[in-house]
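Some notes on the structure that comes next.
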Protein chains: 2
Amino acid sequence: MTEHSLWCFSRALHRAINERQPDDLAALIDDNVEWAVYGPIDMFPFLGARRGRAAVLDVCKQIADNIRVHRFERETVMLGVDSGASMMRYSLTALDSNRPISLRLAQFAQFKAGLLTSMRVVVDTFDLVEQTLGRPIHLPKIA
Amino acid sequence: MTEHSLWCFSRALHRAINERQPDDLAALIDDNVEWAVYGPIDMFPFLGARRGRAAVLDVCKQIADNIRVHRFERETVMLGVDSGASMMRYSLTALDSNRPISLRLAQFAQFKAGLLTSMRVVVDTFDLVEQTLGRPIHLPKIA
């Protein structure tokens, strides 16, 4: 039984980020990949949408320049033949501030012949912003 | 072919929110359901974790008191036998301010014998907070 594309991709992504070895990742990305990590791009320029392998490899390099992954846990996983979705909890360090960040996100990946063709990620971005700032943002209670 | 539990649940949830008719929803929730919508509970007390049918029905009533759903689009869907995950884009109105809110979220649902046993939702919360406030929060650029 062949390993699911999501596991190969995940391993290559973490190697690209933590070890700055993007070759495995490059070999697993379709030429015309669509990529979107939704979030405030003014604060985090490595969030947002990208199109094509070169742009995705470039944004993964930017991510590697900014964070280090310590641990991740898949809280929920769903696998299809050529797709995978997971809800994940990451323990990261922001490299500029050396601040620990605990992040929850959901990712939806699609593959074709083992290559990533689409990646969409929703992040609990308010939590990310507060942890990155290192202080709470005062919010009114609305309900 | 029976309709997937996710579609029944989704219809009942929207009926509970928009029409304040929670009976269909109540009939589709397991006694010991686990429920979590991650986000800033100080601002939105109807986010956060709940356990059990009564608590989930109560929080859905609180959601109904605060928002109205205009449209939703499933951008990605994955279905398993007793599970479903989707990335969704909602068009809402915040009822207190009459403000339109466009929201992206990812939901992971698990069912047992047609009843919801687990729901976990990741929301692009920073976007939600800014739209609810009706103004941008100034952020430093970190990268």
Restricting attention to region A:6-29, does a residue exist that is assigned to a strand (DSSP E or B) and more than 12 Å from chain B (Cβ to nearest Cβ)? yes
Residue that is in contact with a strand residue (DSSP E or B) (Cβ under 7 Å, 6 or more places away or on another chain) and within 11 Å of chain A (Cβ to nearest Cβ), where the choices are B:Gly39, B:Gly52: B:Gly39
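Residues to consider are B:Val81, B:Val37; find the one that is farther than 19 Å from A:Arg104 by Cα and of a type outside the set (Asp, Glu). Please lay out each step first, then the result.
Numbers: B:Val37 fails: farther than 19 Å from A:Arg104 by Cα.
Selected residue: B:Val81, the only one of B:Val81, B:Val37 that is farther than 19 Å from A:Arg104 by Cα and of a type outside the set (Asp, Glu).
Restricting attention to region A:77-101, report how many residues are polar (S, T, N, Q), over 14 Å from B:Ser83 (Cβ atoms) and under 17 Å from the mean Cα position of the chain (by Cα). If you could, list the steps in order and put the result at the bottom.
Residues of region A:77-101 polar (S, T, N, Q): A:83, A:86, A:91, A:93, A:97-98.
Checking the rest, the ones that are also over 14 Å from B:Ser83 (Cβ atoms) come to A:91, A:93, A:97-98.
Checking the rest, the ones that are also under 17 Å from the mean Cα position of the chain (by Cα) come to A:91, A:93.
The number of residues fulfilling the criteria is 2.
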Within region A:47-59, count every residue that is outside any strand (DSSP E or B) and either closer than 22 Å to A:Ala113 by Cα or in contact with a Lys or Arg (Cβ under 9 Å, 6 or more places away or on another chain) (or both). 8
Within region B:61-76, residues part of a helix (DSSP H, G or I) and either closer than 24 Å to A:Ser118 by Cα or within 10 Å of chain A (Cβ to nearest Cβ) (or both) come out as B:Gln62, B:Ile63, B:Asp65, B:Asn66
Looking at (1) crowded, with 18+ Cβ neighbours inside 10 Å; (2) over 23 Å from A:Ile137 (Cβ atoms), which is the one condition that is false for B:Glu75? (1)
Go over the candidates B:Arg74, B:Arg104 one by one and state the one that is farther than 30 Å from A:Arg68 by Cβ and under 15 Å from the mean Cα position of the chain (by Cα). B:Arg74
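Let me confirm something: among B:Thr117, B:Thr132, B:Thr93, which residue is touching a strand residue (DSSP E or B) at 6+ places or on another chain (Cβ under 8 Å), more than 19 Å from A:Gln107 (Cα to Cα) and facing chain A (nearest Cβ under 7 Å)?
Values: B:Thr117 fails: facing chain A (nearest Cβ under 7 Å); B:Thr93 fails: facing chain A (nearest Cβ under 7 Å).
Residue meeting the stated conditions: B:Thr132.
The numbers here are math on the coordinates, done by the rules we state, and not lab data. Keep in mind that what you see is a predicted model, and the values were worked out from it rather than measured. Cβ atoms come from the backbone with ideal geometry, glycine included; neighbour counts cover every protein chain shown.
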